[in-house]
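Engineer: First, the structure itself, so that you have it in front of you.
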Amino acid sequence: MRRILQLLKNVRSVNALRRFNYASKNYFFDKYLQMIRWVINSKEDTNYTYHLTEENLNYLAQTIAFITKSNFSSIIGYFSEAQQNKELIQHIQTTIQNSDQKKFTDKEVRFGRRLGWYAFVRILKPKIVIETGVDKGLGSVLICSALLENKKEGFYGRYFGTDINPKAGFLLTGKYKEVGEILYGDSIDSLSGFKENIDIFINDSDHSSHYEYREYNTVKPLLGEKGIILGDNAHCTDQLSKFSLENDRHFLYFQEKPKNHWYPGGGIGISFK
């Protein structure tokens, strides 16, 4: 029998089928099942949300620890702080339920790589955070919750989101709006009129490489001495890496690994001094 199997492996078409079966079974079969579950259980059709695997969260924490010279366990603590913030979760769920977006939004709140944004804000205690492209405002309200926690510790900061859609950022209400606001209109125009130093800049607007690069150059003179850029498009383009090389900045990339989700994940490009 072993001899027959060895002979079959030498038949090109049979061997190709065997290798296809191996690749599909070992690397993609679970994804097919996840797609089916997602189609049945999820209402999302864009900006997919998901949890990250525990291993992936550890990788993210270690990346942030290296960049900020912080303690790994404290960063894991910030992740938990956000995930276990019942008031924040309730706010998001209630606001969605009372909006016309409930038809396209899942009830379960899943932050994914945004937990990295939260940790950076909690560690660096920024005075100004800007995020371009806010969509529903999940990142907005999460960042503002971090700023409110910083405020309890005596560190005051403000969040500014930009979006061309006048209905974007609907989650940013209540006490979270006390430390944040949305600037509506073209992001480049909004950034060009900004006068304050930026401590953390998050690019998540128009995902064309040309526009992304223009954003980085627009905020360049506004970045504080230790200003950090978090690129939400770094899994698609190399523009933040390019910008970093041109401006004597360090660059690292973190790749998400979603938990029980078919989407392969995005990432965080991190440009820092």
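The values are calculated or read from the model by the stated rules, or taken from the named source; none is laboratory data. Small disclaimer: the values here were computed from a predicted structure and weren't measured. No Cβ is skipped: glycine too gets one built from the backbone with ideal geometry, and neighbour counts run over all protein chains shown.
Engineer: Does any residue in segment 125-143 that is within 13 Å of Thr95 (Cβ to Cβ) come within less than 8 Å, Cβ to Cβ, of a residue that is of a type in the set (Asp, Glu) and at pLDDT 95 or above six or more places away or on a different chain, and which pairs are these?
Structural biologist: Ser140/Glu131
Engineer: Looking at segment 178-187 only, could you name the residues that are at pLDDT 95 or above, surrounded by 16 or more Cβ atoms within 10 Å (Cβ to Cβ) and either outside any strand (DSSP E or B) or of a type in the set (S, T, N, Q) (or both)?
Structural biologist: Val179
Engineer: Shifting gears a bit: For segment 157-172, enumerate the residues that are assigned to a loop (DSSP other than H, G, I, E, B), under 21 Å from the mean Cα position of the chain (by Cα) and surrounded by fewer than 23 Cβ atoms within 10 Å (Cβ to Cβ).
Structural biologist: Scanning segment 157-172 gives Gly157, Ile164, Asn165, Lys167, Ala168, Phe170.
Engineer: Would you confirm, using the coordinates I've provided, whether Ser205 is in a loop (DSSP other than H, G, I, E, B), closer than 21 Å to Gly112 by Cα and of a type in the set (Gly, Ala, Ser)?
Structural biologist: yes
Engineer: Where the second residue is at pLDDT below 95 and assigned to a helix (DSSP H, G or I) and the first is more than 12 Å from Ser145 (Cα to Cα) and among the aliphatic types (A, V, I, L, M) and lies in segment 83-106, which pairs have Cβ atoms under 6 Å and are six or more apart or on separate chains?
Structural biologist: Qualifying pairs under 6 Å: Ile96/Lys102.
Engineer: Residue check: is Ile92 closer than 22 Å to Ile270 by Cα, surrounded by 14 or more Cβ atoms within 10 Å (Cβ to Cβ) and among the aliphatic types (A, V, I, L, M)?
Structural biologist: Against the criterion (closer than 22 Å to Ile270 by Cα, surrounded by 14 or more Cβ atoms within 10 Å (Cβ to Cβ) and among the aliphatic types (A, V, I, L, M)), Ile92 does not qualify.
Engineer: Among Gly169, Gly157, which is in contact with an Asp or Glu (Cβ under 7 Å, 6 or more places away or on another chain) and under 24 Å from Ile188 (Cβ atoms)?
Structural biologist: From the options Gly169, Gly157, the qualifying one is Gly169.
Engineer: Another question about this same structure. Go through (1) within 17 Å of Asn233 (Cα to Cα); (2) touching a residue at least 40 places away in the same chain (Cβ under 8 Å); (3) not small (Gly, Ala, Ser) for Asn217 and report which single condition fails.
Structural biologist: (2)
Engineer: Sticking with this structure for a sec: From (1) touching a residue at least 60 places away in the same chain (Cβ under 8 Å); (2) within 20 Å of the chain's Cα centre (by Cα); (3) outside any strand (DSSP E or B), pick out the condition that doesn't hold for Glu196.
Structural biologist: (2)
Engineer: Here's another thing I want to ask about it. Working carefully through the options Gly112, Gly139, Gly116, Gly154, find the one that is closer than 27 Å to Lys257 by Cβ, at pLDDT 95 or above and either in a loop (DSSP other than H, G, I, E, B) or not assigned by TED's automatic domain parsing to the domain that holds Asn197 (or both).
Structural biologist: Gly112 is the lone residue from the list that is closer than 27 Å to Lys257 by Cβ, at pLDDT 95 or above and either in a loop (DSSP other than H, G, I, E, B) or not assigned by TED's automatic domain parsing to the domain that holds Asn197 (or both).
Engineer: Hey, which of the strands (runs of 3 or more DSSP E) in segment 214-273, taking only ones fully inside, have at least 2 residues that are in contact with a Gly (Cβ under 6 Å, 6 or more places away or on another chain) and either in the same structural domain as Leu124 (by TED's automatic domain parsing) or under 20 Å from Gly116 (Cα atoms) (or both)?
Structural biologist: By residue number, 250-255, 267-272.
Engineer: Taking the stated definitions as given, is Leu60 farther than 30 Å from Lys273 by Cα, part of a helix (DSSP H, G or I) and either modelled with pLDDT of 90 or more or not polar (S, T, N, Q) (or both)?
Structural biologist: no
Engineer: Here is a list: Glu153, Glu87, Glu44. Which entry is within 18 Å of the chain's Cα centre (by Cα), farther than 17 Å from Asp199 by Cα and surrounded by fewer than 18 Cβ atoms within 10 Å (Cβ to Cβ)?
Structural biologist: Exactly one residue qualifies, and that residue is Glu44.
Engineer: Of the residues Phe111, Phe66, only one is under 19 Å from the mean Cα position of the chain (by Cα) and buried (at least 19 other Cβ atoms within 10 Å of the Cβ); which?
Structural biologist: Going through Phe111, Phe66 in turn, just one is under 19 Å from the mean Cα position of the chain (by Cα) and buried (at least 19 other Cβ atoms within 10 Å of the Cβ): Phe111.
Yes or no, residue by residue, for (1) of a type outside the set (A, V, I, L, M, F, W, C); (2) at pLDDT below 95:
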position	(1), (2)
Phe194	no, yes
Asp199	yes, no
Thr218	yes, no
Tyr263	yes, yes
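Engineer: With the condition kept exactly as written, say whether any residue in segment 205-226 is more than 17 Å from the chain's Cα centre (by Cα) and under 30 Å from Glu55 (Cβ atoms).
Structural biologist: For segment 205-226, residues more than 17 Å from the chain's Cα centre (by Cα) and under 30 Å from Glu55 (Cβ atoms): present.
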